[in-house]
Each structure stands twice: as structure tokens, then as C-alpha cells.
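First the structure, in the form of C-alpha cells, and then the observations on it.
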Amino acid sequence: MCGIVGYVGPRQAAPILLAGLEKLEYRGYDSAGLAVIDDGKLQVAKAKGRLQTLIDQTENGRHPAGSIGIGHTRWATHGEPSDTNSHPHLSQSGRFAVVHNGIIENYQALQTWLADKGFHIVSETDSEVIAHLIEYYAERSDDDLIDVLIKTIGRLDGSFALGVLDTKRPDRFLAVRKASPLIVGIGSGENYIASDIPALLPLTRDVYLVDDNEIAEITAAHIQLFNLDQEPIEKDVYHIDWDVSAAEKGGYEHFMMKEMAEQPRVLGETVRSYVHGGQIAFGLAEFSAAELKALRHIHVVACGSAYHAGVYAKYELERLTGIPVNVDIASEFRYRNPLVGPDDLVIVISQSGETADTLEALKESRRKGARVLAILNVIGSSMAREADDIIYTIAGPEIAVATTKAFVCQVTVITMLAHHFAYLLGRLSDREMADCCDELLQLPALAENVLQDMSLYQEMASRLYNQTDMYFIGRSSDFAMSLEASLKLKEISYIHSEACPAGELKHGPISLIEKNTLVVAMSTEARLAEKMKSNIAEVKTRGAHTMVVTTRALQSLFQGVADDIVLLPDARPSQLPVLSVIPMQLFAYYVAVLNGRDVDKPRNLAKSVTVE
Ligand code: F6R
């Protein structure tokens, strides 16, 4: 969602801001803008649409001049994408400029209050009020802007990361956050802010991770963080050890393809981080047998693809641990007064660690006394700072909006976690544990095998890309992967698609099947394969074009009923969920490319969903 950047130093700000915004494009946006203080005055450039429009408007950043500025990519929530609604927003007199990521829930009440005080609101956004509130408080006191900003954020309900420029202090800008991501970059003779690491990678590797209600005062020479009592805060410098190439396409046409191709490597890194000598251990998430035995329930909470990993977690954790597991979509969980308490473990799953609904579900669970384990990809993210225990997926930065490599790492961490818990509970022998570890260590090579011949998926896509509807079916963990296969396809190709448990077909969805409707059956579990065969036969009888994703061992069962067979290498149950979803990611990718879609930045979607 919205992205923020800021710069102060000896160089011209505009080109640096534009380069930073380019690196934040992946978060999703529909307009962009920047403000720079030049000769004591704010110079603003804003444009609806792609960043390229802003780049053209500013002639590649040749103007405006000025060496302090803030920039923004906006993902519209309140008010359509337009030049006026784009950020930065200026205060009435033009003294202050503000960029905002998040949502101000009480903005209408604030608009009315400000209108009463003579302020004229020009945009439809929830953000503009912030600039006017700052001006209101600044005009009424001699207080420093830090004090003014504290008063201002005291009036705001909701979430925000803000960058604020003040023309009276052209040597510094301020930033603050509450429940929206913000980092401060430490340069040499210049300093920065950004919503996310990729924007700062070409500039610095040293950053401060700003926490909620912390204010950063940033000049070219100095960065100081304060709490709401204006007391200075000392913070550790966080060193980013990413390779710059991690945030580059590296010769691939799309980030999504690069990230799919990286899956064997990141699966290996994730597995090798936790598997040692035939045992699994999570350094930041240690549980004793007694703690696990005392658990009443496990709740798994997440959104989107991470929720699909959660559906898999339900099957896998229940099967192996015998502990009842509920799985919930975070936005549903947080608003229904969930029945969680001190005897429960809540597992949240999130690539970004910033998804607003998941973050709030995490906080609510902790308020109710539950222990919270977070499975996360981004180190130092908001969820990492709130959870009791953390297991990191070692997928590296994921730039394409549609998740691929982080998802398979989530699934793999869940496989490891379920086996680890079962072992601690005495439900798995040393031998079984060692076998599981071997299987996990073999996973990268098997994933490599699936990725070897992309032309298979390309060929299928070239025959099927102009379908208008697609259906995905599966049972048990294959159903969890069907959910993911269906989402992958719809979000990047814009083709309508649904997933349903195969046994549910006859209770409704089968009425949608007509001649040539594509039905993809995911069937890797031998014990359920006969049932899946019957389900495929049912849709084929009604004219469907059928595709099955299965193993070599089960292949013969589906010959004759499946029009297309995607063959996976023979593999163990702990390996098959990951192996089965990779061909469906590739199929979705090629279908989207053939339909001319913007694969890395699908319409209306954002990478990091920081508003609910
Ligand atoms: C789909 C996708 C989204 C995310 C969801 C949760 O490809 O990426 O559905 O899975 O927005 O995001 P995180 O995992 O960052 O909490």
C-alpha cells in the first residue's frame, strides 16, 4: 500500500525521492507525488497513474530544486486516484507538507472541526486533515514542531506513518508512526526515511526501525528519536544484510518469475536454518512438552495466501499433534470477540509482518492472555515486535505482489513446526523425526525438478489462457493448495476462479460446470485419490476440461478421466504440498502473461496491506 520516502542532505532531493518511490512501486499504488523545499517555499509535483508520469512531469527529477523533500505513492482508500487526492498534502498557508500511509478513521469529524476554524479542505482524502491540524497547532503556540506533531497525532484515530516538512525549518523534517511501517535510514552527511527497506538499499544499509508513537527528527547531520513525552530515545542500529540484487529483477522479465525460480534456494535456506542433526529447533520459538500438553486449542490466523498456509496448518497440526486447531481469516477473527485465552496458542502467519488485520488479531490475542507465535518473513516488522515467539521464513525480499517463494516457505515452516510439536509430545519417534528432516533437506532438489521444464506449463497456458472461469478442487492438504492455486490465478490473470473442497462440488458449485469449463484437481494423497477420480469423472461427464496435478505413482489412476496431467516427482507427504503448488504458480503466471497483465503489480492490489 502507500509508500513514503524522505531525504535531507547536500544533494538535490527530487531524483533521490523518485528513485526511492520506484523501489516502493511493488507495494501497490495509483498515484504519486513529492514535495521539496526550495528557497524557503514548498514545490510540489503530483500525478495520477504510474510513477513514470511523475518522472516525466519533473523531467527525471531535474526540477524542483532543493535538497530536502518527501515523496509518496498512494493506494487510494478515501477518494479516487487523482492529482488532487495524491500526496503530499499542504496546509492551508503552504507552510507544511505531509505524506501519510495508513487510515485516519475520524477524518470526517476532523474535517468538520477544521472547517469551523476556517480551514478549507480541498481533497477527498482522510490524510489532508493532518496538514491542517499541524498548522492549527503551530499557529497557536511557539512550540517546536515536535510538540505540535505530538498534539496533532493525539487527535488522530487510526493508523499512520507520516513525513512532515516545515518551510520555517528547511534543514530538517519529522516522521512518526503508529501501526504503519516506517524506517529511518542513516547516511553519511545525509539521512532518509522510507516505508520499506528496498527504497533505501542503494543509499544505506544502516537503519532505525521506528516503533509506534516514536518521532524522528531528521537533519543532514543528525537523527534523533523521541517518545511522546519528548524524551530522547536511544535505539540500536539495524544493519540490512540483503544483497542489492535481492531487490532487482536480475535478468528476469518479472519479479514473480525470479521469485518462483528462487524457490529451491530459499526452501533450502529455510530448512537448513532449523534442521540440524536429525532434529528441528526454532531458536526464537521454544516450547516444552508440558507447555504443549497444557494447550486447549491452537488458533491459526492470517489473510490471503498466508491464510491458505494456515488451512494447511490446520490439517497438519491436528493430524500430527492431536491438538484441536481452528483456522481463521484475521479480519473475521478480530471482530468476533474470539474465544482465546491463556490456555491457547495463536499462530499468526504473514510475509510482510505488517498486514493490519493480522497485526490487530495478534494484539487482541495477547490482550486475552494467549501466547502468540508469528511465522514471518520480514525481520523487525511490526508483528515481530509484538509476538511472543517468532519463526522466520528465510525467503528474502519478495517484491512481486503475488506471493510465491514466501508462501512455500510458510508451508515448509508449518510442516517443520507440526513435526517438532508432535516429537515434543512423544507422538513421533527419533527415527520418524530423522526421516522427516531428511525429507525436508531433499525438498530443494525436488522443487528444482518441478521447475526444470517451464515449457510444460507454458504450453498448457497457451491452450487454456482464454477461459473465463476456472475451478480448483482438492481434499485435505490438497484443498489448501487448491485455495492458493485459485487465488494465484485470479489475482494476476483477472480470470474468475474458485476453489472448493472436492466433496463439496455436488452441494452447489457443480451447477456452474458446462462444456469446456476448466476444472483443476489437485490430488497427491494416495488415500484420497480414488475419491478425487470420482469427482473428476463427475465434472467431465458434464463437459468440463479436466486437469489433474498428481504424482507418478498415482498417474495411471487418472488416465482417461483427466485431459491434462501435471506430473510431480514421487515424493513424501511432507514434500508434496510445496511441490504441487509450484506448477500452479507457473500456470497462473503464463496465463497472466498471455492475457497481457501487469504480473508484478496486478490492478487494485497492494503488497503490504497496512489498512483494514
Ligand atoms: C496473494 C498475497 C496476499 C497476501 C495477504 C497477506 O498472493 O500475497 O493474499 O498473502 O495480503 O499478506 P501478508 O502475508 O504480508 O500478511
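The values are calculated or read from the model by the stated rules, or taken from the named source; none is laboratory data. Note that this is a predicted model, so its numbers are computed, not measured. So basically every Cβ, Gly included, is an ideal-geometry build from the backbone, and we count neighbours across all protein chains shown.
Have a look at Gly543, Gly560, Gly596 and point out the one that is closer than 30 Å to Glu22 by Cβ, out of contact with any helix residue (DSSP H, G or I) (no Cβ under 7 Å at 6 or more places or on another chain) and either modelled with pLDDT under 95 or not hydrophobic (A, V, I, L, M, F, W, C) (or both).
Selected residue: Gly596, the only one of Gly543, Gly560, Gly596 that is closer than 30 Å to Glu22 by Cβ, out of contact with any helix residue (DSSP H, G or I) (no Cβ under 7 Å at 6 or more places or on another chain) and either modelled with pLDDT under 95 or not hydrophobic (A, V, I, L, M, F, W, C) (or both).
Check Ser493 against each of (1) of a type in the set (Ser, Thr, Tyr); (2) surrounded by 23 or more Cβ atoms within 10 Å (Cβ to Cβ); (3) within 20 Å of Arg572 (Cβ to Cβ) and name the one condition it does not meet. Ser493 satisfies every listed condition except (3). Here Val378 passes the criteria (1) crowded, with 24+ Cβ neighbours inside 10 Å; (2) assigned to a loop (DSSP other than H, G, I, E, B); (3) within 15 Å of the ligand (Cβ to nearest atom); (4) among the aliphatic types (A, V, I, L, M) except the one numbered (1). Of everything in region 353-369 that is within 15 Å of the ligand (Cβ to nearest atom) and of a type in the set (Ser, Thr, Tyr), the residue that is surrounded by the fewest Cβ atoms within 10 Å (Cβ to Cβ) is Thr355. Selection of strands (runs of 3 or more DSSP E) fully inside region 463-523 by the criterion of at least 3 residues being assigned by TED's automatic domain parsing to the domain that holds Arg552, within 16 Å of the ligand (Cβ to nearest atom) and within 22 Å of Val561 (Cβ to Cβ) returns 496-501.
Checked against (1) crowded, with 20+ Cβ neighbours inside 10 Å; (2) in a strand (DSSP E or B), Gln43 passes all but condition (1). Beta carbons closer than 6 Å, at least 6 apart along the sequence or on distinct chains, pair a first residue in region 22-46 that is in the same structural domain as Thr84 (by TED's automatic domain parsing) with a second that is of a type in the set (Lys, Arg) and not in a strand (DSSP E or B) for Tyr26/Lys607; Arg27/Lys607; Gly28/Lys607. Scanning region 101-136 for residues that are crowded, with 23+ Cβ neighbours inside 10 Å, of a type in the set (Gly, Ala, Ser) and part of a loop (DSSP other than H, G, I, E, B) yields a count of 1. With respect to the stated conditions, Val325 fails to be within 14 Å of Glu386 (Cβ to Cβ) and not assigned by TED's automatic domain parsing to the domain that holds Leu487. The sole residue among Asp570, Asp563 that is touching a Lys or Arg at 6+ places or on another chain (Cβ under 7 Å) and not basic (Lys, Arg) is Asp570. I'm trying to understand the selection: among the residues of region 537-548, which are within 24 Å of Pro569 (Cβ to Cβ) and touching a residue at least 60 places away in the same chain (Cβ under 8 Å)? Answer for region 537-548, where residues must be within 24 Å of Pro569 (Cβ to Cβ) and touching a residue at least 60 places away in the same chain (Cβ under 8 Å): just Met547.
Mind checking whether some residue in region 405-424 is among the charged types (D, E, K, R) and under 22 Å from the mean Cα position of the chain (by Cα)? Taking every residue of region 405-424 in turn, at least one turns out to be among the charged types (D, E, K, R) and under 22 Å from the mean Cα position of the chain (by Cα). Looking at this structure, is Val372 more than 14 Å from the ligand (Cβ to nearest atom) and in contact with a Ser or Thr (Cβ under 8 Å, 6 or more places away or on another chain)? For Val372, the condition - more than 14 Å from the ligand (Cβ to nearest atom) and in contact with a Ser or Thr (Cβ under 8 Å, 6 or more places away or on another chain) - is met. Checking Ser608, Ser580 one by one, the residue that is surrounded by 21 or more Cβ atoms within 10 Å (Cβ to Cβ), modelled with pLDDT under 95 and either within 16 Å of the ligand (Cβ to nearest atom) or not in a strand (DSSP E or B) (or both) is Ser608 and no other. Hey, among Glu286, Glu316, Glu354, Glu360, which residue is in contact (Cβ under 8 Å) with a residue 40 or more places away in the chain, assigned by TED's automatic domain parsing to the domain that holds Met433 and in contact with a Pro (Cβ under 6 Å, 6 or more places away or on another chain)? On inspection, the qualifying residue turns out to be Glu354. Of everything listed in (1) in contact with a strand residue (DSSP E or B) (Cβ under 6 Å, 6 or more places away or on another chain); (2) within 21 Å of Tyr274 (Cα to Cα); (3) surrounded by fewer than 24 Cβ atoms within 10 Å (Cβ to Cβ), the single unmet condition for Gln410 is (3).
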